[in-house]
Amino acid sequence: MPTSRQGDGHPPPTAVSAVSAVGLRKSYGEKLVLDGIDLRIPAGSVFALLGPNGAGKTTVVKILSTLITADGGQAQVAGHDIAASPDGVRAAIGVTGQFSAVDGLITGEENMLLMADLHHLSRPEGRRTAGELLARFDLVEAAKKPASTYSGGMKRRLDLAMTLVGDPRIIFLDEPTTGLDPRSRHTMWGIIRELVSGGVTVFLTTQYLDEADELADRIAVLHDGRIAAEGSADELKRIVPGGHVRLRFTDPAAYLSATGALREITRDDEALTLRIPCDGSQRELRSLLDRLDAAGIEADELTVHTPDLDDVFFALTGGTDIPGHPEETVR
C-alpha cells in the first residue's frame, strides 16, 4: 500500500510557518516515543495530529510548547527556537491540555482574573478581558458560580477562554473534546473555526477522526514514533485502496452495454450492478462519465465510494477492524 513519505505534501517553503520542526526525537528510558518528526504548519490554519493512545501526540505538544525538552532535532514556534528562546515561545502560545486546568474551588470569573494576573494585566484590563471572553464563550450566567458546578462542556469552554487571556497567536489543543457530549463537541468546533478565522493557528491532537476531518486543513498520522502519512483529508483518503463507483441499472440491455464499454469492472448480473475502481477524484469521475456518454449509456444510479479517515487510520496504524464506508448517491 502506498503511503506518503516523511515530509511529502508539506506547504511550500515560502508559506509563513507558525510551527516548524525537523527530526524531533524523544525517549523515556529505553522506550523511543518520537523517532524523527518533521512538521511545517502554516500560520492561520488547523493542523491535526492523529494517532493511537501512547503514540506520542501529547509528547509532541509538550516539546513544542517547551514543557519538556527533545532529545534531538530542532523546532521553531512563532519564529522562536524552542531550545534557545523558550520564553519567546511561551509568550506567543496558549495550551489547553487533555485535563482541564480550571480550579473548581473558585468561580469561573475568578479563574479568568487569576489568569489575567498571571499575564500581568492591569486590574481594569484584566476585568475587561475576562468579561469579554466570558461573554464570547457564553459563560456570563455561570461566571459567579464555582467552576466545580460546571458541566464538562462548560469547563472546556472556560479552560479555552483562560488560554486566550494572553491573546496567543498559536494554540495547542491536546484532545480538547475528549469526554464531551456531541452538542458540546460541536460548540467547541465552532469556537475553533472562529479562532482560525481571526488568524490564530491551531495545533490539534485528537482521537476523533471526524473531528480532524471536520476541522483540519492538514492532518498527520503518528505511528511508531514517526509520521506515517500527512496531507489534507482528501489526500490521505486517496492513499488507501478500495475507492470505487457503483453503477446500478434497471434495463438489462443497458447493463450489458455497460459491461462491454467499461474496463476493470466487477459484475453482479443478478442485481444489474457494476463496480469500477475509482479514487473519487473529479478527473476519474469525469473520465468514467465521458466513457458512458460516448457509448450512449445511462445508469439509473451512480454511487461514489471513497475511503474515509477511519480507513486511513486503521491502514496506517495496523488496525484490522475497518468500519463501514460512507457512500454518496447521485440519482
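General observations
- Candidates are the residues of segment 79-112 that are assigned to a loop (DSSP other than H, G, I, E, B) and either within 21 Å of R40 (Cβ to Cβ) or among the β-branched types (V, I, T) (or both); the one that is farthest from the chain's Cα centre (by Cα) is I106.
- Restricted to segment 220-271, and to residues there that are within 18 Å of P307 (Cα to Cα) and out of contact with any strand residue (DSSP E or B) (no Cβ under 8 Å at 6 or more places or on another chain), the residue that is surrounded by the most Cβ atoms within 10 Å (Cβ to Cβ) is V240.
- Flag not set for A216, criterion: in contact with a Ser or Thr (Cβ under 7 Å, 6 or more places away or on another chain), in contact (Cβ under 8 Å) with a residue 24 or more places away in the chain and in the same structural domain as G51 (by TED's automatic domain parsing).
- Residue under evaluation S148, criteria (1) among the small types (G, A, S); (2) without any contact (Cβ under 8 Å) to a residue 40 or more places away in the chain; (3) more than 24 Å from V16 (Cα to Cα), criterion not met: (2)
- F203 being at negative phi and without any contact (Cβ under 8 Å) to a residue 60 or more places away in the chain: no
- Verdict on G166 being modelled with pLDDT under 95, closer than 27 Å to Q207 by Cβ and not aromatic (F, W, Y): no
- The residue of segment 301-331 that is modelled with the highest pLDDT, among those that are exposed (fewer than 14 other Cβ atoms within 10 Å of the Cβ) and among the acidic types (D, E), is E301.
The values are calculated or read from the model by the stated rules, or taken from the named source; none is laboratory data. Worth saying up front: this structure is predicted, and the values here are computed from it rather than measured. For neighbour counting, all protein chains shown are included, and Cβ atoms are generated from backbone atoms with ideal geometry for every residue, glycine included.
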